[in-house]
Amino acid sequence: MNISTAVLEHSISGAATPAAPSTARTPEPLLREALGLTLRAFRADKGVTLRELAGVARVSPGYLSELERGRKEVSSELLASVCHALDCSVSDVLIEAAGYMALPSMDEELAHTAPAASEL
């Protein structure tokens, strides 16, 4: 029994249909980044300082800052504590964060489906 292995020098992803639009997707934001943006937006909407929120949520201001900048993962317990301190539900924050995560892919989808200016 002979076994042969072929080595491709070029990607074949677009070889069959070179005129097809690129299917490369913009990378989605990380969940921690979306949650950070959302927590910062909720805090700003309430007019609460980082230090005030940190005190009520019983977390250090430095750690809360890292969460808001999307540099640290938030545990479910800490997220619940911060949401309680902001007087909002965890589900509200998660839904808003999901919206942030969907924006880049929606922009890309609209760019591919929108008619060109010359077609209008």
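The values are calculated or read from the model by the stated rules, or taken from the named source; none is laboratory data. Because the structure is a prediction, the values reported are computed rather than measured. Remember, those area values only see protein heavy atoms, side chains included, never the ligands or the DNA or RNA. Shrake-Rupley method; radii C 1.70, N 1.55, O 1.52, S 1.80 Å.
Within the option set Ala44, Ala54, Ala80, being open to solvent by less than 40 Å² (accessible area, probe 1.4 Å) and at pLDDT 95 or above holds for one residue only, Ala54. Taking the criterion of being in a loop (DSSP other than H, G, I, E, B), open to solvent by 90 Å² or more (accessible area, probe 1.4 Å) and at pLDDT below 95, would at least one residue in segment 109-120 satisfy it? Yes, that holds for at least one residue. Before we move on, is Pro104 under 20 Å from the mean Cα position of the chain (by Cα) and at pLDDT below 95? For Pro104, the condition - under 20 Å from the mean Cα position of the chain (by Cα) and at pLDDT below 95 - is met. Within the set Glu28, Glu66, the sole residue that is open to solvent by less than 70 Å² (accessible area, probe 1.4 Å), of a type in the set (Asp, Glu) and either at pLDDT 95 or above or not in a helix (DSSP H, G or I) (or both) turns out to be Glu66.
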